[in-house]
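The values are calculated or read from the model by the stated rules, or taken from the named source; none is laboratory data. Here the structure is a predicted model, which is why all the values come from computation and not from measurement. Ideal geometry is used to build each Cβ from the backbone, glycine not excepted, and the neighbour counts take in all protein chains shown. These area figures cover heavy atoms from the full protein model, side chains too; ligands, DNA and RNA do not enter into them. Shrake-Rupley method; radii C 1.70, N 1.55, O 1.52, S 1.80 Å.
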Amino acid sequence: MLLRVRVTLPDRPGTLGQVARTLGVSGADIVQVVVLERLGGRAVDDFTVVWPGASRLERLLAGLAAIPGVQVDGVWRAIGAPTATGQDAELLAQVAANPADGCATLVDAVPGLLAADWAVAAVVPIDWASSGGGSATVGYASWRAPVPPTLPEITPLRSRALTMPDGGHFALVPFGRAGLVLVVARDAAEPLRPAAFHRTEVDRLTQLVKASAVILGDRLDLVGAPPAPTAGGRP
């Protein structure tokens, strides 16, 4: 299976090589490494690996924990192929090519881009600020989303990451109109423990949502709206 392994490690020569060797010795085949952050002598790296199903994760975690200064932030199942350069631009091109289904295209694609489990376009009441919040409804859900999905508190409408008591994680990014918010989830599932959404991942989502909002414009007002009746009076 395809796994995402996030580690925080000292940003010094040799440490990355030690992590890579440990992954290999444990049975993992590395297919991609992405640096999420380098700051204050520390780095946060995401490794996408092919993991043999018969191998036990305890061996991998123990090996990484034995490297001085290395912290495992999460290990979870990756959905889809590893992130490649240009995928965001390709997704936006698909949204622009078929704007009638543009929001659905975005929601379905985002989990694969960020190694998440599912996503929804949630709608909160326009007057949420004056009414003290308000429960969100689902305008569109990706194919892996639970029915009904358990959503966190959506308001206030600003881009952010949330961690739930059960170990699950959410990223929330508002579209800036119609009370529409993109909600992306990583579910906790033993023995895997997903990492929280990093701020670079939230920033990436924010740019995708902003660009999609510009492309789709007034079409976003239709997300979650009841279908218009036909001439015969039926939806």
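Below is a table of values for the structure above.
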{"item": "Order of exposure, largest accessible area first, which applies to Asp73, Asp203 with probe 1.4 Å", "result": "Asp203, Asp73"}
{"item": "Mean accessible surface per residue for the chain, computed with a 1.4 Å probe while every protein chain stays in place, in Å²", "result": "50"}
{"item": "Length-normalised contact order of the stretch 1-124 in % [C-alpha pairs under 8 Å, at least 6 apart]", "result": "28"}
{"item": "Over the chain, relative contact order from alpha-carbon pairs under 8 Å, at least 6 apart, %", "result": "18"}
{"item": "Dipole of the chain, positive direction: furthest Cα of Leu16, Val181, Ala115, with charges on the beta-carbon", "result": "Leu16"}
{"item": "Environment charge at Val223 (Cβ cut-off 15 Å; Lys +1, Arg +1, Asp -1, Glu -1)", "result": "-2"}
{"item": "Environment charge at Val44 (Cβ cut-off 9 Å; Lys +1, Arg +1, Asp -1, Glu -1)", "result": "-1"}
{"item": "Span-rule helices in the chain, defined as complete DSSP H runs reaching 20 Å or more along the axis (Cα) with Kyte mean at least -1.0", "result": "199-216"}
{"item": "Net charge of neighbours whose Cβ lies under 13 Å from the Cβ of Arg186, counting Lys and Arg as +1 and Asp and Glu as -1", "result": "-1"}
